Amino acid sequence: MGSTKTKSFDRNRLKKVYPVFRAPPRQGLMTDGDAVLEAIEINFSNESLKTLTLAERYSSIPSISLTPLGDINNVNVWVSTVSIQSVPSGGGKTVTVTVECSAPITGKIHLQAMMV
């Protein structure tokens, strides 16, 4: 796993401009390396297994975390498989993720994928 340094900056203060009214800050994030972040909301409808393809392109398998949303009681949620596909024409590789539950549920699960 790689590491990168991040720095928060205000996009409205990149150049010196002295207007009558000061614009509200627009925060940005600057890194010294490559970082890919993705968040997806998965809808389950009385299902216990979902397979999806992440929208971003990755150079290696990302770290993935799951968070159940709402009133999902006594159900475990985990990532059963993560596979990285061949290189498409746009560069990078596509990642396919399979999410499993210990029982069929109806609700939402948030998936966060991050590669640094």
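Read the figures in this text as sums done on the coordinates, not as results from a lab. From a predicted model like this one, the values you see are computed outputs, not experimental measurements. All Cβ positions, even for glycine, are placed from backbone atoms using ideal geometry, and neighbour counts span all protein chains on display.
A few remarks follow.
- Rel. contact order, % - alpha carbon contacts under 8 angstrom, at least six apart, the stretch 1-60: 34
- Ranking Ile40, Leu52, Thr81 by Cα position along the charge dipole of the chain, where only Lys, Arg, Asp and Glu carry charges on their C-beta atoms, puts Ile40 farthest toward the positive end.
- Size of electric dipole in the chain: Cβ of Lys, Arg +1 and of Asp, Glu -1, about Cα centre, debye, nearest 20: 880
- With a Cα cut-off of under 25 Å and a minimum spacing of 8 residues unless on different chains, the lysine pairs in the chain number 6.
- Percent of Cα-Cα distances greater than 23 Å, calculated over the stretch 1-97: 52
- Using the Cβ-Cβ distance between Gln27 and Ser86 with R0 set to 30 Å, the FRET efficiency works out to roughly 0.20.
- Counted charge near Lys93, where neighbours are those whose Cβ lies closer than 15 Å (Asp, Glu -1; Lys, Arg +1): -2
- Relative to the compact-globule estimate of 2.2 N^0.38 Å, the Cα radius of gyration of the stretch 29-86 comes out at 1.38.
- The three principal axes of the C-alpha atoms in the stretch 49-116 carry coordinate ranges of 42, 20, 14 Å, sorted with the longest axis first.
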